[in-house]
Amino acid sequence: MIYRLIEAYGLLKFVNVVEPRKAQHDEILLCHSENYLKHLKSCDGDEDVTEEDEEFGLSYDCPKFSGLYQFAEIIVGGTLSAAETLISGSNFVINWSGGWHHAQSDRADGFCYVNDIVVGIQKLVSHFPRILYLDLDVHHGDGVENAFSCTQRVFCLSFHLHEPGFFPGSGSVNECGFGSGKGTTNLVRERFDPSACVIQCGADGIAGDPLGGANLTPRDFADCIKQVMSWSIPCLFVGGGGYNLPNASRHFATLTATICGIDQLHDDIPEHEFFNAYGAGFELSIEPKNLPDSNTDEDLEETFRSIEANLDRFNVNLRKKNK
């Protein structure tokens, strides 16, 4: 649905389409353990869930299916192809099929079987000194943050809903890395000076998403993306959550236009294969719901002060290391 809507708006003429490749086994190992990948290879969707499956997270929201490892190769390969295109000199690269940010090194989690983002960033750090990872999904990007919590070369900044009982339960303002990486999960751009950026643009923060519970619009995301693009550093954009399918397609089509330098698309959705899914209004725009804002000025100020203190500690640690 996403691709066809992008195509229907004529946006493909503004991009170069790169054929992705499958990831190699040793590349997927840049994030995941050998035992976990071996188990993925052995999965058959017709088998009952075993105790070992549950240990590897392959139950509930991450059920087994036939061809699971081949699926992993394709998902990771898409983001690796995007990363390689960025290294080759492109300014902006899009892979809306990527963004599986919950998968951990040794288990699936939160609908995510493999963490293509971690593997892609591992590829990028071979070329770019400092990577900013910006996560706009309504859920905390825990898998990516866990992978890079001890390094100063990758800065994880996640904007998400954080409240008791909301998945994955992590991502408080006080979680800011470990060891030499402490402080690198809260960002002021000037302090870190990234040389490239990876942006996860999950659509589940959009108004009307059945799992998100937030009230943003694609234009809100577009404003954020334009801010990052104004920094004039290479950017890799990946997808993520989004469980209202027509709205997710509206979201990613709008962001594609923004990345292509097109500020406004016609609000009347063009006729195409999935046109009927956008009724009854058949409009591209999504309006916010009439919901209260739970972020008080006091809460925002306290969050800002916490981030400022974390950054001060990070800069002290960085200066000590450089000495």
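Some points to look at:
- Charge tally around C112: other residues with Cβ under 12 Å, Lys/Arg +1 each, Asp/Glu -1 each, net -4.
- Averaging the sequence gap over all C-alpha pairs within less than 8 Å and six or more residues apart, then dividing by the number of residues, gives the stretch 1-121 a relative contact order of 30 percent.
- To put it simply, the accessible area of the chain at a 1.4 Å probe is 50 percent carbon and sulfur.
- Overall, the anisotropy analysis places the chain in the rounded class: the square-rooted eigenvalues a ≥ b ≥ c of its C-alpha gyration tensor yield a/c less than 1.5.
- Distance between the 7 Å Cα→Cβ label points at F282 and S66: 4.0 nm.
- Under 12 Å of direct C-alpha separation, and excluding same-chain neighbours fewer than eight residues apart, K226 reaches these aspartates and glutamates: D263.
- Taken about its Cα centre, the stretch 21-126 carries a charge dipole of roughly 720 debye when the Cβ of each Lys and Arg holds +1 and the Cβ of each Asp and Glu holds -1.
- Helical runs (DSSP H, four residues minimum) scored at -39500 (n - 2.57) apiece and divided by the length of the chain put the mean residue ellipticity at 222 nm at -11000 deg cm²/dmol.
- Linear extension gain, V15 paired with D267, 0.36 nm per residue minus alpha-carbon span: 88.6 nm
- Other residues within the sphere of radius under 13 Å centred on the Cβ of L37, judged by their own Cβ, net out at -2 (K and R +1, D and E -1).
- Local charge for A23 was computed over the other residues whose Cβ lies under 13 Å away, with Lys and Arg +1 and Asp and Glu -1, and equals -2.
- Euclidean distance of C-alpha centroids, the stretch 85-104 and the stretch 16-67, integer Å: 20 Å
- Prolate/oblate/rounded label for the stretch 45-173 (Cα gyration tensor, a/c 1.5): oblate
- Where the chain is the region considered: accessible area per residue in Å², 1.4 Å probe: 49 Å²
- Given their separation in residues at 0.36 nm each and the Cα-Cα distance between them, E308 and L211 gain 31.8 nm when the chain is fully extended.
- Note on the chain: dipole from Cβ charges, positive end direction compared against S126, I259, A108; the farthest Cα belongs to S126.
- Listed pairs K64/K289; K41/K123; K22/K289 exceeding 29 Å between Cα atoms: K64/K289; K22/K289
The values are calculated or read from the model by the stated rules, or taken from the named source; none is laboratory data. Fair warning: this is a prediction, and the values are worked out from it, not measured in the lab. Backbone-built Cβ (ideal geometry, glycine too); neighbour counts: all protein chains shown. Just the protein is used for accessible areas: all its heavy atoms, side chains included, with ligands, DNA and RNA removed. Shrake-Rupley method; radii C 1.70, N 1.55, O 1.52, S 1.80 Å.
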